[in-house]
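First comes the structure, then the notes that go with it.
The values are calculated or read from the model by the stated rules, or taken from the named source; none is laboratory data. All values reported here derive from a predicted model rather than from experimental measurement. Neighbour counts are summed over all protein chains in view; Cβ atoms, including those assigned to glycine, are modelled from backbone coordinates with ideal geometry. Remember, those area values only see protein heavy atoms, side chains included, never the ligands or the DNA or RNA. Shrake-Rupley method; radii C 1.70, N 1.55, O 1.52, S 1.80 Å.
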Amino acid sequence: MTRVAMELVMADEGREWYRDGLRFECTQCGNCCTGPPGAVWFTDDEAAEMAASLGLSVPDFRSTWARRLDGNWSLKEQLTEHGWDCVFLDRTSQPGKAICRLYNARPRQCRTWPFWPENLESPDAWENSRRTTPCPGMGQGKLVPIESIRIQRDAPG
Ligand code: SF4
Ligand code: SF4
């Protein structure tokens, strides 16, 4: 590694205030899948995966479960007493839980929460997101190691 590359790595590690890991364990409250109107973005590959998991063609999947938003594709939402729920949020199968009906095929945006770059910018950003979502899993439960956080933070979208 060159000296410049080494300095870049060290600068990057200096920003990783979470280098000792962060605690996170989902309680299946569903709060991150609802709230004000928003978007659940997905790529073409993810569309194919979601469509396959539902036994649909990609065009049928898109026309039934997705919508165009700002030139991209997002999953649809539906207004409930909790807010704008993602169409795949299931609040009835398990009493007291809100679970994802597409869990094994959910898009990167969902798989990488809460380790999004904007949540990892600083301890304040992490805390703000934990409080405003609110996400009771952030800061609780299992210690997620830095290696796993980096993979989720840097996942290509
Ligand atoms: S808000 Fe947090 S605890 Fe609740 S479902 Fe989402 S990740 Fe899990
Ligand atoms: S796809 Fe699943 S995890 Fe993602 S927002 Fe919808 S219900 Fe939540």
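Working from Cα pairs under 8 Å separated by at least six residues, relative contact order for the chain is 35 percent. In order along segment 97-104, the Karplus-derived 3J(HN,Hα) couplings, from 6.51 cos²θ - 1.76 cosθ + 1.60 at θ = phi - 60°, round to 10, 10, 10, 8, 6, 10, 3, 6 Hz, and Gly and Pro are given as x.
Against the compact-protein benchmark of 2.2 N^0.38 Å, the Cα-based radius of gyration of segment 1-141 scales to 1.23. Any idea what angle helix 123-132 forms with the longest principal axis of the chain, computed on alpha-carbon atoms, 0 to 90 degrees, nearest 10? Between the helix axis and the principal axis of the chain, the angle is about 20 degrees. Counting Lys and Arg as +1 and Asp and Glu as -1 over every other residue whose Cβ lies under 13 Å from the Cβ of CYS33, the net charge comes to +3.
Along the chain, the longest continuous region that contains none of the GluC sites (Glu not before Pro) in a DSSP loop with at most 14 other C-beta atoms within 10 Å is 26-80. Give me the net charge of ARG91's neighbourhood, meaning all other residues with Cβ under 13 Å from the Cβ of ARG91; Lys, Arg count +1, Asp, Glu -1. Here the charged neighbours net out to -1. Pairs of Cα atoms nearer than 8 Å and 6+ residues apart set the relative contact order; for segment 81-143 it is 15 percent.
Dividing the helix sum by the residues of the chain, where each DSSP H run of 4 or more adds -39500 (n - 2.57), gives a mean residue ellipticity at 222 nm of -9500 deg cm²/dmol.
When the Gaussian network model of the chain links Cα atoms closer than 10 Å, the mean-square fluctuations of PRO136, PRO36, PRO95 top out at PRO95. With protein chains left intact and a 1.4 Å probe, residues in segment 32-157 average 58 Å² of accessible area per residue.
Distances between placed amide hydrogens fall under 5 Å for TRP73 paired with PHE42, all partners being 5 or more residues away or on another chain. Amide H contacts of ALA66 (H built 1.01 Å from N, in plane; Pro and chain starts excluded): LYS76 sit under 5 Å, all sequence-distant by 5 or more or on other chains.
Among TRP41, TRP73, TRP17, the largest mean-square fluctuation in a Gaussian network model of the chain, built with springs joining Cα atoms closer than 10 Å, belongs to TRP17. Computed from backbone phi, the HN-Hα couplings of segment 27-42 come to 9, 6, 7, x, 4, 7, 10, 9, x, x, x, x, 9, 10, 6, 8 Hz, rounded to whole numbers (Karplus: 6.51 cos²θ - 1.76 cosθ + 1.60, θ = phi - 60°; Gly and Pro given as x). Round to the nearest 10 and give me the degree value, 0 to 90, for the angle of helix 44-54's Cα axis relative to the longest principal axis of the chain. That works out to roughly 50 degrees.
Surface composition of segment 18-153: carbon plus sulfur atoms contribute 51% of the solvent-accessible area (1.4 Å probe, protein chains only, all chains present). Couplings for segment 109-121, taken from phi via the Karplus curve 6.51 cos²θ - 1.76 cosθ + 1.60 with θ = phi - 60°, read 3, 7, 5, 9, 4, x, 8, 7, x, 5, 6, 9, 4 Hz in order; Gly and Pro are left as x.
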